[in-house]
Amino acid sequence: MPAEPMLRVSHVVKRFGGLTVADDVSFDVPRGAKMALIGPNGAGKTTMFNLISGVYPIDGGEISLDGQVIDALPARKRIGVGLSRSFQNIRLMPHLTVIENVMLGQHVQATSLASLLAPVGWQRGGRWRRMAEERLRQAGIDVDPDSAVSGLPYGVRKKIEVVRALMSGPRLLMLDEPAAGLNPRETAELSAFLKGIAEDGLTLLVVEHDMSFVHDLCEQTVVLNFGRLIYDGPTKGVQDDEAVREAYLGTRRVATAEGAGRAA
Amino acid sequence: MSGYMAGIVAILCINLIFAYAIFVTAAAGQLNLGGAGFQAIGAYAAAYASSVLMQPVWITIPAAMAITALVGFLISFPVLRTRGVYMVLATFAFAEVVAGFLLRSTTFGGAIGMVVPDHVGVPVLIACAVGVTLLVFYLMATRVGLAMRAIHDDEPVSTIMGVNVRAVQVATFTLAGALAGLSGALYAHHFSFVEAQYFNALLSIYVLLFVLIGGTQTAWGPLVGSLFFTLIPELLRVGGSWRYVVFGVAIVLMMAIRPEGIVTRQLVARLSPRNWLTRRKTVLGERHAG
Amino acid sequence: MSGTAATLKKPQAALSRPVLIGAAIVAALAVAVAIGGKVIAQQIVSGLMLGAIYMTVAMAFTLTIGVLNFLNFTIPTLFMLTGMVAWGLVHRGFLSFAGGWAWLLALVIGVAVTVVASLIVERFTFRYLKTKHGDATEHAIPLVSSLGFLLIFEHLVLIAMGSEAQRFQIPFKADIHFFGLVLGGAQLLSLALAVAIVAVLTYVLKHTRMGRALRTIAESPDTASLLGVDVTRIVPVVFVLTGLLAGVAGALFTINYGDVSPFMGDHVGTKAIAAMVLGGLGSIWGAIAGGLLVGLTETLSIHYFGGDSVQMVVWGLLLAVIILRPQGLFGTASIGKGKM
């Protein structure tokens, strides 16, 4: 019997009114894989993340994490079974400091009443805070942990969100455009950092537009277009795939024609 | 302490406890414009237990708190179904129903009010206010406090982070009920008299203003807000209606200049001596590294 | 935010509503008169008169909530301002040159002052405010500022004119007898004014450029700015309309009851909020129906159960409506549900 994949999305359907945003989508993310989820704008990538993380209920199909069916679990319980995510637009808590945002990521691990009622905000050298600071350091975030997040540069906030998502000790980490808005140096650092944590056994599912980042990080890729899965295979083969070329090139051809028209 | 000072300190203590009641829900993102309703229930429960049931203070006050906590717990379920403007209106309506009931009820003296036999002095009020302040400071330093602030900032993301948003909100409403009940019971026992007219819409408005002007991000907010509102008019020594005009102007200016309240999380971080030292180090470190 | 828009967008639905409300009132009147005779009919007439005032104030509330998602607590004091300014002008003899028409001139100036006051509120609640984080309490900032203005206006009036209730005389003595019912001339005038302002407002919202812009903002502020609607220029318009509605309601109240006091807005304001919730937030026709309903309920419950019960009955009903049917009679569930 083959090993269960870390994430199995099986015949998932989602409709908003008359619009089908996920149309019988099935794919597996194998244990320990680094997989990319790509597609043109409006393909339903973020929607797929929202379905997996429970923001919206699915209308059909099944989602399972490591063999456990999770699509009936409420959103807040999915992080507890090992599923953690970041957001396309940074969703850090604006009035929490850097360390507080990161420590919020530990929330599911504080299961006992004692750990919920321990004054973590006062324990400078406490276990929780040390863990959070350690992760910040590993990710190469060199800012005052007690500073406000709202004043920090975009790239730093983006990385803090990844660190926050990591704090729950997930088995599957889903990142929604982690490299967007980062400069090339930051992108390379992020890629190295993610490779490092993947070596510890973490499974990664990444929505990303930056194809060089995808090629660098992810060995496997699934492609969505208009809510349908059009490709599922190695990242190397994605650019040679007929359906993918059509989905992307269709728009590119229009862009080229426009460019030519303007030039003429 | 002069009688005048004692009077100010007494009302400051009661207002502070009341403000913390409203703060705990506001810190978790829920605006309660019906504070007077909870306080009235606490005051009348204590008054009834004291004057009719002849119970001593150490029973009347905890009993009042238990009743208002239960009311807060029960009312949280319908109220938490509402959002935004609706929640403000629902809590406001709740307070009006309570005031209307108390005004009509012959059991609770109707418009005449009730005399409360046992007196509680200023030292007890101060002790309670200090206790509640420390309790809320402690709460805000815990993971529950962190979760409350997270819910205030972004409810959907808090859910994704595994926070049981509903449980936290119900808990804050229950705690708010208990604290408002305590402030009401202390009011009844200190002033030895309760009347429904005191617990009016304006009181609910004032206490919410204490909290929002003080700031909802840290436990310092209600403390600063209550002090500001209780002491500024005394210090300015303006009489009668001018006092309220000054109030109003202060509120409007405050919202224009410091819309997040007087005390923000950032301000606390900046003023903390320990953080100030570490920040110096970090800045220096960065400069050397750069 | 689609409440106002949804209500106003469909002309056929909007047209059927006045007919519906009118028919309901006539039916209720007929039933009540058949059962209770003239005494009840007289109560219903007074209830509708009171309801006309609630309805006008409720429209001011519902407009600011529908377009700006803002519960404007200055509206009760704006209402009071018109009456008190008018009384002050007449009482101090500033308008003696106008002779027998001094009362009317005073009320017009009163409304004008109210509109200006409303624009001052706009300055400090909206113009200087930029939401930064979109968190839960940030959206309460205009509400808090409006509470500040409530204190300022009420107490400035107290300082200038004292706390006593005052008589405001108007020269309408003639009562009209209509099928055995007694209708005061002042009451008829105020009812006519209320109907006129409702008609004008609905026309403006439906048929003018400004009205269309207001409806677009109510539907979606982002789309509105994309479509080239200048939101910052529309906001003062909302406040002018708010001041106008509250001021006219204050004038109606003054004409109708002949009494003014610095606290006259408190009672009317809370009843108008109740009316708005009953009708559904952001819905103009909801405010109209809700206002009339609350007016009727109030006079009838005073008649049957005495005055003490009104507060509990009205607010208990309101609490039930908010929790069980937050969209009220005519509103849509989405409005006001988001962060404030």
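The values are calculated or read from the model by the stated rules, or taken from the named source; none is laboratory data. None of the values given here were measured: they were computed from a predicted structure. Note that each Cβ is placed from the backbone with ideal geometry, even for glycine, and that neighbours are counted across all protein chains shown. Protein only, heavy atoms only, side chains kept; ligands, DNA and RNA dropped before computing areas. Shrake-Rupley method; radii C 1.70, N 1.55, O 1.52, S 1.80 Å.
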Would you check if C:L63 is within 15 Å of the chain's Cα centre (by Cα), of a type in the set (A, V, I, L, M) and outside any helix (DSSP H, G or I)? no
Quickly run through segment A:98-120 and pick out the residues that are surrounded by 21 or more Cβ atoms within 10 Å (Cβ to Cβ) and either more than 10 Å from chain B (Cβ to nearest Cβ) or of a type in the set (D, E, K, R) (or both). A:V98, A:I99, A:E100, A:V102
Within segment B:212-229, track down each residue that is at the interface with chain C (Cβ under 9 Å from one of its Cβ atoms), in contact (Cβ under 8 Å) with a residue 60 or more places away in the chain and in a helix (DSSP H, G or I). B:L212
Of (1) over 21 Å from B:R81 (Cβ atoms); (2) away from chain A (no Cβ under 11 Å), B:M161 satisfies every one except (2)
What are the pairs with Cβ atoms under 9 angstrom where one residue, in segment C:202-215, is surrounded by 15 or more Cβ atoms within 10 Å (Cβ to Cβ) and the other, located anywhere, is modelled with pLDDT of 80 or more and of a type in the set (D, E)? Sequence gap at least six, or different chains. none
What do you reckon, is B:D154 touching a Pro at 6+ places or on another chain (Cβ under 9 Å) and within 14 Å of chain C (Cβ to nearest Cβ)? yes
Checking A:W128 against (1) open to solvent by 20 Å² or more (accessible area, probe 1.4 Å); (2) part of a helix (DSSP H, G or I); (3) more than 10 Å from chain B (Cβ to nearest Cβ), the condition it does not meet: (3)
Taking the stated definitions as given, is B:F247 of a type in the set (A, V, I, L, M, F, W, C) and either open to solvent by 30 Å² or more (accessible area, probe 1.4 Å) or more than 9 Å from every other protein chain (Cβ to nearest Cβ) (or both)? no
When you scan segment A:80-95, do you find a residue that is crowded, with 23+ Cβ neighbours inside 10 Å, facing chain B (nearest Cβ under 8 Å) and over 30 Å from A:P234 (Cβ atoms), even just one? yes
When segment A:43-70 is checked residue by residue, the ones that are open to solvent by 10 Å² or more (accessible area, probe 1.4 Å) and either within 14 Å of A:E177 (Cα to Cα) or among the hydrophobic types (A, V, I, L, M, F, W, C) (or both) are A:G44, A:K45, A:T46, A:T47, A:N50, A:V55, A:I58, A:V69
Got a number for residues in segment B:169-195 being open to solvent by 20 Å² or more (accessible area, probe 1.4 Å) and part of a helix (DSSP H, G or I)? 6
For the list (1) open to solvent by less than 30 Å² (accessible area, probe 1.4 Å); (2) at the interface with chain B (Cβ under 8 Å from one of its Cβ atoms); (3) at pLDDT 85 or above, I need the number of the one condition that C:A136 fails. (3)
When you scan segment B:196-205, how many residues do you find that are closer than 12 Å to B:L33 by Cα, away from chain C (no Cβ under 11 Å) and open to solvent by 30 Å² or more (accessible area, probe 1.4 Å)? 0
Which count do you get for residues in segment C:90-108 that are closer than 20 Å to C:L156 by Cα and buried (at least 17 other Cβ atoms within 10 Å of the Cβ)? 3
Would you point out which residue out of C:T82, C:T114, C:T74 is within 14 Å of chain B (Cβ to nearest Cβ) and either modelled with pLDDT of 85 or more or closer than 18 Å to C:G258 by Cα (or both)? C:T74
Which residues, counting only those in segment A:10-52, are among the β-branched types (V, I, T), in contact with a Leu (Cβ under 8 Å, 6 or more places away or on another chain) and free of Cβ contacts under 8 Å to residues at least 60 places away in the same chain? A:V12
Checking the condition under 24 Å from A:Y231 (Cα atoms), over 20 Å from the mean Cα position of the chain (by Cα) and at pLDDT below 90, which residue from A:P40, A:P2 passes? A:P2
How about segment B:1-87: which helices (runs of 4 or more DSSP H) wholly inside it have at least 2 residues that are modelled with pLDDT of 95 or more and more than 21 Å from B:S226 (Cβ to Cβ)? B:35-51, B:57-79
Find the helices (runs of 4 or more DSSP H) located wholly in segment A:139-245 whose residues include 1 or more that are buried (at least 17 other Cβ atoms within 10 Å of the Cβ) and among the hydroxyl-bearing types (S, T, Y), and list them. A:184-199
Could you say whether any residue in segment B:140-151 is closer than 30 Å to C:V314 by Cα, more than 13 Å from chain C (Cβ to nearest Cβ) and either open to solvent by 40 Å² or more (accessible area, probe 1.4 Å) or in a loop (DSSP other than H, G, I, E, B) (or both)? no
Residues in segment A:24-42 that are at positive phi and surrounded by 22 or more Cβ atoms within 10 Å (Cβ to Cβ): how many? 1
Based on what the data block shows, is B:L208 closer than 18 Å to B:T264 by Cα, within 10 Å of chain A (Cβ to nearest Cβ) and not small (G, A, S)? no
In the list C:M276, C:M312, C:M340, which residue meets the criterion of being at pLDDT below 75 and at the interface with chain B (Cβ under 10 Å from one of its Cβ atoms)? C:M340
Mind telling me which of the residues A:S64, A:S53 ends up being at the interface with chain B (Cβ under 9 Å from one of its Cβ atoms), under 24 Å from A:T20 (Cβ atoms) and among the hydroxyl-bearing types (S, T, Y)? A:S53
Of these, A:D66, A:D59, which one is in contact (Cβ under 8 Å) with a residue 40 or more places away in the chain, of a type in the set (D, E) and more than 19 Å from A:G227 (Cα to Cα)? A:D66
Of B:M54, B:M65, which residue is open to solvent by 50 Å² or more (accessible area, probe 1.4 Å) and touching a Leu at 6+ places or on another chain (Cβ under 9 Å)? B:M65
For the condition in contact with a strand residue (DSSP E or B) (Cβ under 9 Å, 6 or more places away or on another chain) and crowded, with 21+ Cβ neighbours inside 10 Å, what is the one hit in B:M161, B:M87? B:M161
Please tell me if B:T60 is β-branched (V, I, T) and closer than 27 Å to B:A141 by Cα. no
